[in-house]
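Structure record follows, encoded as structure tokens.
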Amino acid sequence: MQLGGHTPLARTDRKKAVATLRSLSDKTRNYGTHQIVAPEGTRSKSGQVQALKKGPFHMQRDLGRADVLPIVLTGNFEAWRGLSGIRMCRVRISYLAPHACPEYEDE
């Protein structure tokens, strides 16, 4: 994944995860890069949407209230076989309307 430019998060170390998200925010701010963030934090074992993590929303706020373009993948759960690999299947990608960052009170 790192060869493809992906940045993994240390899920078991909160401080490292926060530092990684801040680094990604800095890259976005300084170089104009875009980030793809899975707000659930991982793949679902059941195929159901899981609770969202706070990190991507803090990143959005830290980037000066950056807009978010929601992307929905449908059918990708069927492709995942766990450790045995990935099987071919049809995945539908839907791009939803962009969302402006809501106003937050300073914390």
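The values are calculated or read from the model by the stated rules, or taken from the named source; none is laboratory data. Note that this is a predicted model, so its numbers are computed, not measured. Virtual Cβ from ideal backbone geometry, glycine too; neighbours counted across all protein chains shown.
Restricting to region 1-36, name every residue that is hydrophobic (A, V, I, L, M, F, W, C) and either in contact with a Lys or Arg (Cβ under 9 Å, 6 or more places away or on another chain) or over 20 Å from Arg61 (Cα atoms) (or both).
Of everything in region 1-36, those that are hydrophobic (A, V, I, L, M, F, W, C) and either in contact with a Lys or Arg (Cβ under 9 Å, 6 or more places away or on another chain) or over 20 Å from Arg61 (Cα atoms) (or both) turn out to be Met1, Leu3, Leu9, Ala10, Ala17.
Across region 58-91, what is the total count of residues that are out of contact with any strand residue (DSSP E or B) (no Cβ under 9 Å at 6 or more places or on another chain) and closer than 22 Å to Arg29 by Cβ?
8
Restricting attention to region 39-89, report how many residues are at pLDDT below 85, among the hydroxyl-bearing types (Ser, Thr, Tyr) and either over 23 Å from Thr7 (Cβ atoms) or more than 11 Å from the chain's Cα centre (by Cα) (or both).
Residues flagged as at pLDDT below 85, among the hydroxyl-bearing types (Ser, Thr, Tyr) and either over 23 Å from Thr7 (Cβ atoms) or more than 11 Å from the chain's Cα centre (by Cα) (or both) within region 39-89 amount to 3.
For the chain, which fully contained helices (runs of 4 or more DSSP H) count at least 3 residues that are of a type in the set (A, V, I, L, M, F, W, C)?
Counting at least 3 such residues, we get 14-31.
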